[in-house]
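A.B. asks: Below you will find the structure I want to go over with you.
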Amino acid sequence: MARDAIVLEEKPGPRLAGLRILAAEDNPGNRNVLAALLGSTRVSLVFAEDGAQALDAWRSQPFDLILMDVNMPVLGGREAVREIRRAEPEGTRISIWMLTANVFDEDVANYLADGADGVLRKPIDLAELFDLLARTAEDLGQD
């Protein structure tokens with residue numbers, strides 16, 4: 001896996017180093033997987049263990065991307081997304097992508113209706129994750 005990350009980093013285009021990512025994920029194993037997948041990229045990765053912690057982190061520091069698990073204790077991902085969208089300052093919109101195995105058409109439609117920008121299926125596809133990170137960096141002008 002790390003080798004794939006190195007190859008992706010060597011391609012011309014946006015650089016991922018310094019990209020600020022909030023990952024809301026209650027499962028310790030899934031947090032470890034994300035940390036391992038992104039370890040060689042030099043992104044700034046902050047974890048929240050539930051939707052309430054994700055809201056607190058989002059309010060306390062700037063992020064470029066939020067990866068939001070759907071099913072979490074205290075406050076679920078869908079509810080956290082709706083709250084972020086409600087509270088975002090006018091004229092701003094952080095990119096929020098749901099991380100979930102629940103990807104039936106109806107589920108995806110609900111996430112998008114809640115305000116999510118897209119969905120990454122679990123287990124995480126490395127190429128899809130890095131494509132999302134590269135697009136995010138490009139949108140932010142990090143090239």
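The values are calculated or read from the model by the stated rules, or taken from the named source; none is laboratory data. Everything numeric here is computed off the predicted structure, so don't read it as measured data. Ideal geometry is used to build each Cβ from the backbone, glycine not excepted, and the neighbour counts take in all protein chains shown. Note: areas computed on protein heavy atoms with side chains; ligands, DNA, RNA excluded. Shrake-Rupley method; radii C 1.70, N 1.55, O 1.52, S 1.80 Å.
A.B. asks: Applying the selection to the stretch 96-106, what residues are free of Cβ contacts under 8 Å to residues at least 24 places away in the same chain and open to solvent by 40 Å² or more (accessible area, probe 1.4 Å)?
C.D. replies: Correct list: Ala101, Phe104, Asp105, Glu106.
A.B. asks: List the pairs whose first member sits in the stretch 117-129 and is under 12 Å from Ile66 (Cα atoms), whose second member is among the polar types (S, T, N, Q) and buried (at least 17 other Cβ atoms within 10 Å of the Cβ), and whose Cβ atoms are under 6 Å apart, counting only residues at least 6 apart or on separate chains?
C.D. replies: Asp117/Ser95
A.B. asks: Using the structure shown, decide if Gly91 is over 24 Å from Leu16 (Cβ atoms) and open to solvent by less than 10 Å² (accessible area, probe 1.4 Å).
C.D. replies: Judged against the criteria, Gly91 is not a match.
A.B. asks: Taking Tyr111 as meeting all but one of (1) closer than 19 Å to Asn30 by Cα; (2) buried (at least 20 other Cβ atoms within 10 Å of the Cβ), write down the number of the exception.
C.D. replies: In the conditions (1) closer than 19 Å to Asn30 by Cα; (2) buried (at least 20 other Cβ atoms within 10 Å of the Cβ), Tyr111 misses (1) alone.
A.B. asks: How many residues does the stretch 15-36 hold that are open to solvent by 50 Å² or more (accessible area, probe 1.4 Å), over 21 Å from Arg59 (Cβ atoms) and in a loop (DSSP other than H, G, I, E, B)?
C.D. replies: Of the residues in that region, 2 qualify.
A.B. asks: Tally the residues that are among the small types (Gly, Ala, Ser) and touching a helix residue (DSSP H, G or I) at 6+ places or on another chain (Cβ under 8 Å), restricting the search to the stretch 53-86.
C.D. replies: Number satisfying all stated conditions: 4.
A.B. asks: List pairs: first in the stretch 84-95 and modelled with pLDDT of 90 or more, second open to solvent by 80 Å² or more (accessible area, probe 1.4 Å), Cβ under 9 Å, 6+ apart or cross-chain?
C.D. replies: Arg85/Arg93; Ala87/Arg59; Ile94/Pro62; Ser95/Arg135; Ser95/Asp139
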